[in-house]
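The values are calculated or read from the model by the stated rules, or taken from the named source; none is laboratory data. Please read these numbers as outputs of a predicted model, since none were measured by experiment. A quick note on method: Cβ atoms are made from the backbone with ideal geometry, for glycine too, and the neighbour counts reach across all protein chains shown.
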């Protein structure tokens, strides 16, 4: 490739640099491979527009193929196992110990994946989502995708971007000028040059965000790997409710018209990849939580929240019926300020009616789906919840 290119002071083209979000000036001439260095007969000049497009793609391919920039987190990993091995030898003992602990945690997380925590990942998806890798530009299946709906996380299926925010940037990766509220977390890269974006629900690496390029009115470009994405027709929102044993909460909320799915899991704690045994010990801080994914055209967050307050006893503290412990606390994990405002308003209405609401309102964090045998418990058993019964409260 390099044998056929010669960069000279012949003309200037301003090219977008997707790696730093700025602009670079490149002077170029294309030379036939193996040809003599004669300006008169052997320099093959291209129009400025054509040269710009070709050189842009060339730069992207070279950059994507040669390196993966470090993400802004301790567990960032490149695609090359040999590089990892070389880097690990150079680390001090303290870092090596931390690396082993992280590897152990990741290994545990992988075991949980097989039990139903998250989607199984292909080798390429694992390299990008878990290793902070980058797929080759102009290769992803969602680059030219034009479906109307919601782009979701490729690992945990959380809604990330509405299709109406997708635009053509020419960078080689799907681009969005706005994420759904609370869906994406921004983390500064270790070298401070760029800002990584991660799924707020599971920490999956999505790509990077750039501002100031003036590509759209929002002046923001979320540059995302296709392999980090999924797609769902129509709009999708999510909410997180903890109200005692998740079996009953899941069963009664999933039956609402407009609810797409309800998943039992854990939220609100500190332990990485907790198991049911970990959570029931009461030492991880997690609550048995149900993630509800719904179509906002058919049912609203307020309607789902009203139902939640009616299917459990929101006055009980660190218990629900016969189940006792902080893991059975009543809590709503909100994804943005709008959800928080609606929850507080409903709590206010209940308190005016004399209901001594003890439900905690907490910021949504990482959601860990529970083991497979917990999912759809009552549906599979063909029975109804014994500790969750709907009671009219509003």
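If you filter the stretch 205-250 down to residues that are assigned to a helix (DSSP H, G or I) and not assigned by TED's automatic domain parsing to the domain that holds residue 288, you find that the one that is surrounded by the most Cβ atoms within 10 Å (Cβ to Cβ) is 228. Between 361, 317, 343, the distinction of being assigned by TED's automatic domain parsing to the domain that holds residue 267, more than 18 Å from residue 265 (Cβ to Cβ) and more than 30 Å from the chain's Cα centre (by Cα) belongs to 317 only. The helices (runs of 4 or more DSSP H) found wholly in the stretch 283-394 and carrying at least 2 residues that are at pLDDT 95 or above occupy 301-311, 337-352. Inspection of the stretch 251-267 identifies no residue that is in a loop (DSSP other than H, G, I, E, B), under 19 Å from the mean Cα position of the chain (by Cα) and surrounded by 18 or more Cβ atoms within 10 Å (Cβ to Cβ).
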